[in-house]
Amino acid sequence: MSGVRFEPSGPLRGEVTAPPDKSISHRAALLGAMSVRPVRISNYLQAQDTLSTLEAMRAVGAEVEVEGAGVVVVHGTGLRGAREPGGPIDVGNAGTLMRLLPGWLASQEGRIFVLDGDSSIRKRPVDRIARPLALMGAQIEATADRFPPFVVYGTPLRAITYELPVASAQVKSCVLLAGLGADGTTSVVEPVASRDHTERMLAGAGVDVRRDGLTVSVTRPDELRVPALVVPGDLSSAAFMIAAGVLVSGSALRVRDVGVNWTRTGFLRILERMRASVAGALEEPSDAVALSEPISDIEVTAGPLRGTTVEADEVPLAIDELPLVALLGCFAEGETIVRGARELRVKESDRIAGVVDGLRGLGATIEATDDGFVVTGTGWLRGGVIDAHGDHRMAMLGAVAGLASREGVEVVGMEAAAVSYPRFAEDLARLG
């Protein structure tokens with residue numbers, strides 16, 4: 001893998017449009033394949049992970065037309081019409097696809113599906129979806145009872161109420177999708193709130209979706225009628241631009257068309273506590289299941305930061321941005337602590353180890369804990385070399401660190417950023 005160097009930057013100025021939301025793109029294609037009518041998806045993310053999802057939908061019988069400029073039309077098979085493919089379904093590096101798709105396939109009676117992926121995906125556990133699916137009557141056979149490749153045998157499913165041991169939008173979504181093929185009403189009880197994109201899309205497709213506090217329920221429908229969908233900008237990708245704007249002295253940025261669903265804006269609330277200057281029209285929390293995704297521009301200016309503590313109940317709403325919290329903590333006054341984030345250890349890489357080792361190599365004062373990290377702010381980073389280890393978010397973290405550092409940062413494996421933000425380096429260069 002080649003290294004790409006990011007030198008210390010002068011002020012970042014101007015506007016950038018956030019790339020389409022990866023989580024929502026996955027879900028839009030999946031629900032489109034389950035719909036009885038064609039679904040037009042605008043602003044679909046054209047990146048490695050989401051292209052894997054389109055190929056997976058083709059593998060189970062959906063027709064997918066890519067019209068260009070981010071427009072995709074999915075001609076689905078209906079809720080119960082997924083085709084048994086002639087070989088394994090390749091999920092690539094897409095963990096969201098790997099964990100959501102089995103929820104649908106588990107109810108395809110009499111059909112067998114094998115899911116596999118790249119070397120990274122084979123290290124990511126699937127037992128957390130296999131457990132509730134088994135309670136519903138599904139049959140899952142995983143490698144070493146835990147890892148891909150794994151086999152899903154389509155069977156009749158029964159409705160359950162499942163209490164998530166750890167808040168996870170992916171596991172919740174998998175169970176809810178399985179509930180579409182189960183008799184009765186299926187409920188998921190979360191320990192704390194997580195992303196609710198699946199619930200919104202299902203409600204918009206005519207499914208009876210109800211939220212009562214931390215319990216979300218779906219009742220089996222006869223069919224899905226998914227309307228045309230527009231994918232908003234991805235806050236998890238925009239977060240790297242936002243962090244750069246906060247850290248690089250003299251910067252003033254506007255990030256356009258960002259999805260500001262309240263279950264995704266935990267990072268912005270953390271920034272607010274750190275006294276960062278970030279403004280936008282953010283959605284307020286609600287028990288009602290909304291039918292759409294709110295969108296806003298985010299305005300950012302650089303300024304001094306104060307350390308903060310991120311507790312476990314905040315983690316699901318900022319899980320992908322927590323590496324950036326560590327980087328921001330390096331430049332903040334006092335300590336920045338993240339707790340209850342053990343989930344970071346089973347992402348594309350062990351992000352706790354990767355963040356701690358990577359930032360320490362750049363001069364940070366940071367220590368790992370079992371479920372997070374502690375950063376002592378010094379107000380600066382020296383710079384150096386950071387290895388992305390094939391993780392797109394680690395690659396982008398290294399790039400932002402380079403802009404804010406004293407000596408610059410070489411990112412080994414920068415090409416990993418293409419998984420979610422193909423034009424990331426180009427956008428950074430344009431702003432600088």
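Values for this structure:
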read-out: Candidate set from the stretch 272-292 (those that are of a type in the set (Gly, Ala, Ser) and in a loop (DSSP other than H, G, I, E, B)); member that is surrounded by the most Cβ atoms within 10 Å (Cβ to Cβ); value: 276
read-out: Candidates 334, 377, 358 - the one that is surrounded by fewer than 18 Cβ atoms within 10 Å (Cβ to Cβ), modelled with pLDDT of 95 or more and either of a type outside the set (Lys, Arg) or in contact with a strand residue (DSSP E or B) (Cβ under 8 Å, 6 or more places away or on another chain) (or both); value: 334
read-out: Residues within the stretch 228-250 that are over 30 Å from residue 205 (Cα atoms) and surrounded by fewer than 24 Cβ atoms within 10 Å (Cβ to Cβ), tallied; value: 3
read-out: Residue tally, condition among the hydrophobic types (A, V, I, L, M, F, W, C) and crowded, with 21+ Cβ neighbours inside 10 Å, over the stretch 151-181; value: 11
read-out: Subset of the stretch 191-206 that is hydrophobic (A, V, I, L, M, F, W, C) and buried (at least 23 other Cβ atoms within 10 Å of the Cβ) - its residue that is farthest from residue 221 (Cα to Cα); value: 201
read-out: Whichever residue in the stretch 36-79 is touching a residue at least 60 places away in the same chain (Cβ under 8 Å) and among the aliphatic types (A, V, I, L, M) and, among such residues, is nearest to residue 25 (Cα to Cα); value: 45
read-out: Evaluation of residue 131 against (1) of a type in the set (Lys, Arg); (2) more than 27 Å from residue 392 (Cα to Cα); (3) in contact (Cβ under 8 Å) with a residue 12 or more places away in the chain (one fails), failing number; value: (3)
read-out: Test: residue in the stretch 256-271 that is in contact (Cβ under 8 Å) with a residue 12 or more places away in the chain, over 23 Å from the mean Cα position of the chain (by Cα), surrounded by fewer than 22 Cβ atoms within 10 Å (Cβ to Cβ) and not in a loop (DSSP other than H, G, I, E, B); value: no
read-out: Cβ pairs under 9 Å, 6+ apart, first in the stretch 156-181 and more than 18 Å from residue 137 (Cα to Cα), second of a type in the set (Lys, Arg) and part of a loop (DSSP other than H, G, I, E, B); value: 169/195; 170/195
read-out: Boolean, residue 214 is among the hydrophobic types (A, V, I, L, M, F, W, C) and farther than 12 Å from residue 161 by Cα; value: yes
read-out: For residue 212: the one exception among (1) surrounded by 17 or more Cβ atoms within 10 Å (Cβ to Cβ); (2) out of contact with any Phe, Trp or Tyr (no Cβ under 8 Å at 6 or more places or on another chain); (3) not β-branched (Val, Ile, Thr); value: (1)
read-out: Complete set of residues in the stretch 300-325 that are surrounded by fewer than 17 Cβ atoms within 10 Å (Cβ to Cβ) and either charged (D, E, K, R) or modelled with pLDDT of 95 or more (or both); value: 301, 304, 306, 309, 311, 313
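The values are calculated or read from the model by the stated rules, or taken from the named source; none is laboratory data. This is a predicted model, so every value here is computed, not measured. FYI the Cβ positions are ideal-geometry reconstructions off the backbone, even for glycines, and counts take in every protein chain you see.
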